[in-house]
Amino acid sequence: MTRHEALWRIHETLKGLSFREVGPGAADYEGTIKVHGKPVDIRLSIPDVRFGTKPQITLLNRLQVPLELLAHIETDSGICYASGAGLPLDLYRPGEAILRVLDEAKRTLELSFKDGARREIIDEYQSYWYPQRYINCFLPRKATAQIVKAKMFRATNGKGSTVRCLAEEPMLTGYHPTILNSAEVWYTDKPIRPAGKLNAPSTLEELKVWLNAQLGLSVDRSARGFEVLARCEALFIAAPNAFVGVKIILPSDLQAGVERGSIRVKALPGLLRTRAAAIQLERLSAVWCSIEDVVDRNNNAVRNLRDLSIALVGCGTIGSHLARMLVQSGAGIAGRFSLYDNQRLSEGNIGRHLLGFADIGKPKASALKAELQRFHPQVKVAAYHEDALNAWPHIADHDLVIDATGEWNIQSALNEQFLEDDNPRIKALLHTWVFMNGAGAQSFLNLRDEHACFRCLKPEFDGPWRFPAGNEKDELNLQPASCGDGAFVPFGVDASMMAASLALRAAMDWANGHTGARLRTVPVDYERGRYHRPITPDPSPRCPACAPRRVRK
């Protein structure tokens with residue numbers, strides 16, 4: 001459908017509703033919609049007939065909607081008729097799409113009646129605060145009412161990027177802090193709301209009215225708020241529906257008096273009260289962005305990985321992607337997160353690695369650590385540039401050990417160490433690997449119990465795998481991997497990421513107490529790969545690793 005045809009269909013549709021074209025745009029109209037049977041005049045602007053940019057609807061006469069509070073109103077009286085998820089519109093049926101826009105605008109306005117506006121505003125209160133500044137908050141969320149002391153600071157990294165932050169201590173890995181203000185954060189378990197017609201206070205006098213209207217704050221909070229602001233500190237309210245703050249803009253005469261010493265700081269609260277109607281506020285909007293919030297936002301599991309101590313062996317093509325996924329699932333928040341790899345990143349690695357050109361020549365473990373802390377400065381991670389087998393006593397002092405090396409010798413040796421070790425701390429060993437040069441990916445969880453160990457999957461050194469993820473007769477599948485480019489077998493980064501994803505899901509399932517199938521398989525190349533349903537294999541009586549131990553028991 002051409003743009004001209006789309007504009008014609010929209011015009012005919014709106015003409016049938018008695019809308020008139022007013023310009024100056026190619027599709028700007030004015031007309032009337034009915035809200036609870038009463039006429040409301042609107043302006044409709046359609047900047048894009050493909051609806052990549054949504055049509056805008058504004059009220060022509062605000063008095064036609066006689067409400068103290070009107071929800072879903074943007075700047076210039078624009079009606080926010082589409083939710084955060086957007087409003088799907090069919091570009092091939094532009095007339096019907098515009099009818100849907102008008103219908104949603106009508107429904108949105110009707111929500112504002114019968115006190116619906118107040119409920120809608122409370123639900124979306126952060127949008128109605130109209131802040132002058134945004135703050136990144138690195139404090140953890142709290143479900144109960146309490147007061148927390150914090151610091152507001154400017155954090156700058158080596159690349160010149162600057163953010164304003166709120167945290168208990170001004171420490172973010174990779175950033176240089178400059179303290180701006182102390183702050184108090186009042187947590188409340190009740191939603192905050194407008195005070196009558198007052199959505200957001202602009203002066204100290206309005207702040208007193210607003211604070212006294214909040215149900216979740218005690219009656220003496222307005223007095224304490226004055227004391228906090230008089231100390232030139234910031235005051236934040238952290239509620240279930242919004243996280244907002246204020247600072248006073250100290251008048252120049254009071255600022256000069258404090259600096260000269262002619263006005264004592266203790267006298268400021270009283271002076272501010274006498275001039276409360278004239279003292280302006282700077283409104284602040286805080287955004288939760290601690291590592292806990294990053295993890296909790298997308299994790300619907302009962303338990304994430306935050307309290308587990310995890311050792312990741314191998315920071316290569318699988319381990320690098322897996323490390324990032326583990327951090328996004330809670331590793332490195334409360335429990336230890338340790339990386340082990342004794343190799344350096346080479347030019348040939350970066351085609352499938354999380355790290356890139358700038359890290360060539362660096363130890364993989366320490367470079368990956370820096371990347372994880374660049375991802376989020378609150379991640380706690382340690383890097384060890386040493387052979388994992390020699391470091392086993394330290395590795396075994398973790399709850400979960402993940403082997404992402406994909407190397408048979410290391411996989412077998414770690415399996416042996418795990419079976420032999422009687423350290424009660426280590427509870428699980430999780431292997432993950434790319435099978436047969438990218439044919440498939442597998443992960444296997446060993447809990448040192450009655451089920452198979454890793455070597456049970458291939459009990460005979462020269463024999464077949466019991467559950468291969470690839471066709472063992474395929475010539476490419478059987479070609480050995482090599483460090484030399486002459487025998488290099490290419491396969492895509494998706495194989496590495498699939499192996500990493502299998503391991504993450506197995507780790508999350510185990511952490512939440514429903515381990516599920518121990519061996520998980522995904523074919524990557526559908527011509528060379530082979531699918532196996534998830535299974536918990538029985539031990540092999542021919543396994544050289546666990547069979548002798550089972551006989552002794």
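The values are calculated or read from the model by the stated rules, or taken from the named source; none is laboratory data. This is a predicted model, so every value here is computed, not measured. Positions of Cβ are generated from backbone atoms using ideal geometry, with glycine treated the same way; all protein chains shown enter the neighbour counts.
For this structure, a couple of remarks:
- Only a single criterion out of (1) at pLDDT 90 or above; (2) touching a helix residue (DSSP H, G or I) at 6+ places or on another chain (Cβ under 9 Å); (3) of a type in the set (Val, Ile, Thr) is not satisfied by Val101, namely (2).
- Within region 269-314, the only residue that satisfies the criterion of being touching a helix residue (DSSP H, G or I) at 6+ places or on another chain (Cβ under 6 Å) and among the polar types (S, T, N, Q) is Asn304.
- Sole residue being modelled with pLDDT of 90 or more, under 36 Å from the mean Cα position of the chain (by Cα) and under 21 Å from Arg549 (Cα atoms), chosen from Gln442, Gln417, Gln411: Gln411
- Among (1) outside the structural domain of Val163 (by TED's automatic domain parsing); (2) surrounded by 23 or more Cβ atoms within 10 Å (Cβ to Cβ); (3) in contact (Cβ under 8 Å) with a residue 40 or more places away in the chain, the one test that Gly335 misses: (2)
- The lone exception for Ala239 - which of (1) within 18 Å of Ile121 (Cβ to Cβ); (2) of a type in the set (A, V, I, L, M); (3) surrounded by fewer than 17 Cβ atoms within 10 Å (Cβ to Cβ) it fails: (3)
- The one condition in (1) in a helix (DSSP H, G or I); (2) touching a residue at least 60 places away in the same chain (Cβ under 8 Å) that Ala367 fails to fulfil: (2)
- Any pair with Cβ under 9 angstrom, 6 or more apart, that starts in region 520-537 at a residue that is polar (S, T, N, Q) and ends at one that is modelled with pLDDT under 95 and loosely packed, with under 14 Cβ neighbours inside 10 Å: Thr521/Tyr531; Thr521/Arg533; Thr536/Gly516
Yes/no matrix, rows are residues, columns are (1) assigned to a loop (DSSP other than H, G, I, E, B); (2) in the same structural domain as Ala311 (by TED's automatic domain parsing); (3) surrounded by fewer than 17 Cβ atoms within 10 Å (Cβ to Cβ):
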| position | (1), (2), (3) |
| --- | --- |
| Leu429 | no, yes, no |
| Trp433 | no, yes, no |
| Gly438 | yes, yes, no |
| Phe444 | no, yes, no |
| Glu450 | yes, yes, yes |
| Pro459 | yes, yes, no |
| Asp462 | yes, yes, yes |
| Pro468 | yes, yes, no |
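- Residue, farthest from Trp8 (Cα to Cα), within region 54-87, restricted to residues that are at pLDDT below 90 and among the hydroxyl-bearing types (Ser, Thr, Tyr): Thr75
- Subset of region 225-264 [without any contact (Cβ under 8 Å) to a residue 12 or more places away in the chain and either part of a helix (DSSP H, G or I) or in contact with a strand residue (DSSP E or B) (Cβ under 8 Å, 6 or more places away or on another chain) (or both)]: Ser252, Asp253, Gln255, Ala256, Gly257, Val258, Glu259, Arg260
- Among the residues making up region 499-525, those that are farther than 22 Å from Glu407 by Cα and assigned to a helix (DSSP H, G or I) are Met508, Asp509, Trp510, Ala511.
- Hey, Glu472 modelled with pLDDT of 90 or more, of a type in the set (Asp, Glu), in the same structural domain as Asp525 (by TED's automatic domain parsing) and not in a helix (DSSP H, G or I) or not: no
- Strands (runs of 3 or more DSSP E) contained in region 110-222 and holding at least 1 residues without any contact (Cβ under 8 Å) to a residue 40 or more places away in the chain and under 26 Å from Cys289 (Cβ atoms): 146-157, 162-167, 175-187
- Complete set of residues in region 526-542 that are under 29 Å from Phe491 (Cβ atoms) and in a loop (DSSP other than H, G, I, E, B): Tyr526, Glu527, Arg528, Arg530, Tyr531, His532, Arg533, Pro534, Thr536, Pro537, Ser540
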